[in-house]
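Just so it is clear, none of the values below were taken in a lab; they were calculated from the coordinates. This is a predicted model, so every value here is computed, not measured. Glycine gets a Cβ as well: all are built from the backbone with ideal geometry, and neighbour counts include every protein chain shown.
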Amino acid sequence: MPALKTRFAPSPTGLIHFGNVRTALFNVLLARKEGGAFLLRIEDTDFERSREEYIQALMEDLHWLGLDWQEGEQAGGAAAPYRQSQRTAAYEKYMAELASIDRVYPCFCSAVELEVSRKVQAASGKPPRYSGKCAHLKPDEIVKKKAEGLPYTLRFRMPKSEALTFDDVVRGAQKFPSEDIGDFIIRRSDGSFAFFFVNAIDDALMGVTHVLRGEDHLTNTPRQIALLQALSMAAPIYGHISLIVDAHGAPLSKRSGSLSVQELREMGYFPIAVNNYLARLGHHFVETGLMDLDAMSSAFDQSHLGRAPARYDRSQLDYWQAQAVQQADATTLLDWLTPTLKGWVPEASLAEFAQAVRANIVFPHDARLWAEAVYADALPISDDARQVLDNAAPNFFRAAVDALGDDMDFKAFANRVKSASGTSGKNLFLPLRAALTGQTYGPEMPALFKLMGHARARHRLTQHVLASEID
Ligand code: GLU
């Protein structure tokens, strides 16, 4: 048995989105679980839409997510090059081989002709497939048409009356009658190679043993298997994972909230949050907590890949993000927050501040509210806090100012306020929080209190003493 090898084969025609990343993630998890390799191939056969910047962006995205590859673009390997635009020689070779065994033929049918034929078939309830009109042209007819300069595609001759079968890792036994598929184009009239052909040839030449890919490719698989069989090349094991759908059950699109990895990164999502969310879209894990890639790959099980469409839910993603923030190590947390808090929090207090607020933030900009609550010279006061302040016991803030000590030990301070004002519980803690932070909720008071320091705390409490005296 060759070592297991999975791959990710993106077409660099845009930024990578959720669905694509999940495909990469599952292939990484499977390879890691089995001690195999993960390969990155760039499917840039669409010359018009493929861009170098997208290739660079997708590699950056994969690195950011920790989805590193051991073979392929940048990494190199025995089957190099790994960009399809550089593999023409290999494709020519196998195209010639198909021609030599009469499994490929030129098709001169025009786009209009094909469209009409498709419509006729659809009207009679038949699967749309090529009529076979050019399948048996005589050699002299072909020469003549070519001499006339008629454009032509190359079609693969499907086996007749054969069932193409394979065991799909996710969807079980699959069977496609070859008649339903018909002869299909493997080379376009401009000389470019079709997806079916290059994708299948490359998987075989690169020794890919397992292909996990989107369900939208399921019907491509029998075509690819037929091609590989014709060339006596080994087909990988395929698994077609369920699509990701939006809240209405429609395929996830940019409009329905699909974000690119770049957008997620810019918004401040942690890679581990994205991975934990994605891994659970269409795969069931027993573990309900945050997992790193090692834990995820050990627990990955092909039989836990579900067939039902996976519903995208942004609040679930944010749930994992909150988990990631709470569990990030101190350095990671600080690196994540620092750019947003520069100028808001004194540099020397950044680490302590980060620890104090982590349970109350999901994104870096959430921390600004708490930075303001601790450090603002003119403290904004929320409506709720204003109400609490208005309802505080008489002389409460007088007692609070007098109770301030130099130690900034909140517990001791609150105890002194309690005895002096005769308040306790909510009536004690809420007005203190409201006066000190301008909010009625938030991070633990002891940490905020210590961070704001004596002078600021005194200033904030004093303001309410004056207010109550004026009343
Ligand atoms: N380039 C193809 C895509 O992005 C690859 C499909 C596959 O994984 O086989 O859809």
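Go through the stretch 280-294 residue by residue and turn each phi into a ³J(HN,Hα) via Karplus (6.51, -1.76, 1.60, θ = phi - 60°); whole Hz please, and just put x for glycine and proline.
Values, residue by residue: 8, 8, x, 9, 8, 10, 6, 5, 9, x, 5, 10, 8, 5, 5 Hz.
How high is the relative contact order of the chain, given as a whole-number percent (alpha carbon pairs under 8 Å, six or more residues apart)?
Here the relative contact order equals 13 percent.
Assuming a ≥ b ≥ c are the square roots of the Cα gyration tensor eigenvalues, decide whether the stretch 208-335 counts as rounded (a/c under 1.5), prolate (otherwise, with a/b larger than b/c) or oblate.
Prolate is the answer for the stretch 208-335, as a/c is 1.5 or above and a/b outweighs b/c.
Based on the mean of other beta carbon atoms within 10 Å per residue, what is the order of 288-296, 208-216, most packed first? Write out the running numbers ahead of the final one.
On the way: 288-296: 14.7, 208-216: 20.4.
So the order, starting with the most tightly packed, is 208-216, 288-296.
Which order do S192, S315 fall in if you start with the one that has the fewest other Cβ atoms within 10 Å?
S315, S192
Hey, what do the phi angles of the stretch 237-243 turn into as Karplus ³J(HN,Hα) couplings, whole Hz, using 6.51/-1.76/1.60 and θ = phi - 60°, x for Gly and Pro?
7, 9, x, 9, 7, 4, 6
Starting from the Cα gyration tensor of the stretch 79-145, take the square roots of the eigenvalues, sort them a ≥ b ≥ c, and report rounded, prolate or oblate (rounded when a/c is under 1.5, otherwise prolate if a/b is larger than b/c, else oblate).
Note, shape of the stretch 79-145 comes out oblate.
At R0 = 51 Å, how high is the FRET efficiency between A111 and A80 if r is their beta carbon distance? Nearest 0.05 is fine.
Efficiency, from the Cβ-Cβ distance: 0.90.
What's the ranking of 381-388, 111-118 by average number of surrounding C-beta atoms within 10 Å, highest first?
Per-residue Cβ counts within 10 Å, averaged per peptide and sorted highest first, yield 381-388, 111-118.
What is the packing order of peptides 27-40, 363-376, taking the mean over residues of other C-beta atoms within 10 Å and listing the highest first? The partial results should precede the final answer.
Values: 27-40: 21.6, 363-376: 18.9.
Top to bottom by mean Cβ count within 10 Å: 27-40, 363-376.
Suppose each label sits 7 Å from its Cα in the direction of the beta carbon; what would the Q387-A147 distance come out to in nanometres?
With each label placed 7 Å out from Cα toward Cβ, I get 9.2 nm.
Rg(Cα) of the stretch 34-79 divided by 2.2 N^0.38 Å?
1.25
Cα gyration tensor of the stretch 119-275, axes a ≥ b ≥ c as square roots of the eigenvalues: rounded (a/c below 1.5), prolate (a/b > b/c) or oblate?
prolate
Where the centroid of each part is defined by its Cα atoms, how far is the stretch 251-295 from the stretch 46-87 in Å?
With the stretch 251-295 and the stretch 46-87 each reduced to a Cα centre, they are spaced 21 Å.
Provide the descending list of Cα extents for the stretch 341-471 along its principal axes, expressed in whole angstroms.
Extents along the principal axes, in whole Å: 39, 30, 24.
For the stretch 52-116, what is the convex hull (Cα atoms) projected area averaged across all directions, in square nanometres?
For the stretch 52-116, the mean projected area of the Cα convex hull comes to 7.9 nm².
Which residues does a label at Q463 reach in the stretch 323-354, if reach means a backbone N under 11 Å from a point 7 Å past the Cα toward the Cβ?
Label zone hits: none.
What residues qualify as long-range amide H neighbours of L243, i.e. H under 5 Å apart, gap of 5 or more or another chain, H built at 1.01 Å from N?
Those lying under 5 Å, H to H, from L243 are E215, A310.
Which residues does the label zone of D292 cover in the stretch 41-71, counting backbone N under 13 Å from a point 7 Å along Cα→Cβ?
The answer is 66, whose backbone nitrogens lie closer than 13 Å to the label point.
For R187, list long-range residues whose amide hydrogen, built 1.01 Å from N in the peptide plane, is under 5 Å from its own amide hydrogen.
Counting only residues 5 or more places away or on other chains, the set is L154, A194.
What do you get when you divide the Cα radius of gyration of the chain by 2.2 N^0.38 Å, with N the number of residues? Spell out each step's value before the answer.
Details: Rg = 31.8 Å, N = 471, 2.2 N^0.38 = 22.8 Å.
So the chain has a normalised radius of gyration of 1.40.
Could you give each residue of the stretch 73-88 its phi-based ³J(HN,Hα) in whole Hz, using Karplus coefficients 6.51, -1.76, 1.60 with θ = phi - 60°, and x for Gly or Pro?
For the stretch 73-88, the Karplus-derived couplings read 3, 6, 7, x, x, 5, 9, 4, x, 10, 9, 4, 5, 9, 10, 3 Hz, x marking Gly and Pro.
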